[in-house]
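Input: a single structure, listed below in structure tokens.
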Amino acid sequence: MEASLRAKLESIAERHEELNAMLCDPEITGDKARLLKLSREHAEIDPLVAAFAEYRSAESSLAEALELLADPDMRELAEADVEAQRARIDELDGALQRLLLPRDPNDTKDVVIEIRAGTGG
């Protein structure tokens, strides 16, 4: 993962923690408009933060598996685990990049499509 992408994800994770603390604050829970705004922001970044936490977990599992490669008794098991963790990290890297793409504000709006019969065919 690129350093700039990791820095962006770290800052989003920090913002998520700030939002968690703010949403528990009684002063903010009294202000409905602000509570709604912060709740929406929290809900928007929550899947991204969860995926990043899973990515970090996969990285630590990979590091542990790489350490086990030195042990001759565990080498075969560790090799399989290393490959599985690398595949998982690649999968999560792609998912994180997709989650970072900006959302279209029209994505959540409903659409009505009218289909009419045409003539001549």
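Restricting attention to region 63-96, which residues are small (Gly, Ala, Ser), surrounded by fewer than 16 Cβ atoms within 10 Å (Cβ to Cβ) and under 26 Å from residue 2 (Cα atoms)?
Initial filter on region 63-96 (small (Gly, Ala, Ser)): 63, 65, 70, 78, 80, 84, 87, 94-95.
If we keep only those that are surrounded by fewer than 16 Cβ atoms within 10 Å (Cβ to Cβ) too, we end up with 63, 70, 80, 84, 87, 94.
Within region 63-96, 63, 80, 84, 87, 94 meet the criteria.
Working carefully through the options 31, 25, find the one that is of a type in the set (Asp, Glu) and closer than 26 Å to residue 108 by Cα.
Numbers: 25 fails: closer than 26 Å to residue 108 by Cα.
Among 31, 25, only 31 is of a type in the set (Asp, Glu) and closer than 26 Å to residue 108 by Cα.
Report, ordered by the first and then the second residue, all pairs with beta carbons closer than 8 Å, sequence separation of six or more or different chains, a first member in region 73-89 that is closer than 24 Å to residue 51 by Cα and free of Cβ contacts under 8 Å to residues at least 24 places away in the same chain, and a second member that is surrounded by 14 or more Cβ atoms within 10 Å (Cβ to Cβ) and polar (S, T, N, Q).
Taking only residues 6 or more apart or on different chains, the pairs are 81/61.
Name the residues in region 25-38 that are of a type outside the set (Lys, Arg), at pLDDT 90 or above and surrounded by 13 or more Cβ atoms within 10 Å (Cβ to Cβ), would you?
Once the filter is applied, which keeps residues that are of a type outside the set (Lys, Arg), at pLDDT 90 or above and surrounded by 13 or more Cβ atoms within 10 Å (Cβ to Cβ), region 25-38 yields 35, 38.
Would you pick out the residues in region 35-78 that are among the charged types (D, E, K, R) and assigned to a helix (DSSP H, G or I)? Don't jump to the end; show me each part of the working.
Keep residues of region 35-78 that are among the charged types (D, E, K, R), which gives 37, 40-41, 44, 46, 54, 56, 59, 64, 67, 71, 73, 75-76.
Residues satisfying the conditions are 37, 40, 41, 44, 46, 54, 56, 59, 64, 67, 75, 76.
All but one of (1) surrounded by 15 or more Cβ atoms within 10 Å (Cβ to Cβ); (2) free of Cβ contacts under 8 Å to residues at least 12 places away in the same chain; (3) hydrophobic (A, V, I, L, M, F, W, C) hold for residue 9; state the number of the condition that does not hold.
Failed condition: (2).
The values are calculated or read from the model by the stated rules, or taken from the named source; none is laboratory data. These numbers come from a predicted model, not from an experiment. When we count neighbours, we look across all protein chains shown, and the Cβ atoms used for this are built from the backbone with ideal geometry, even at glycine.
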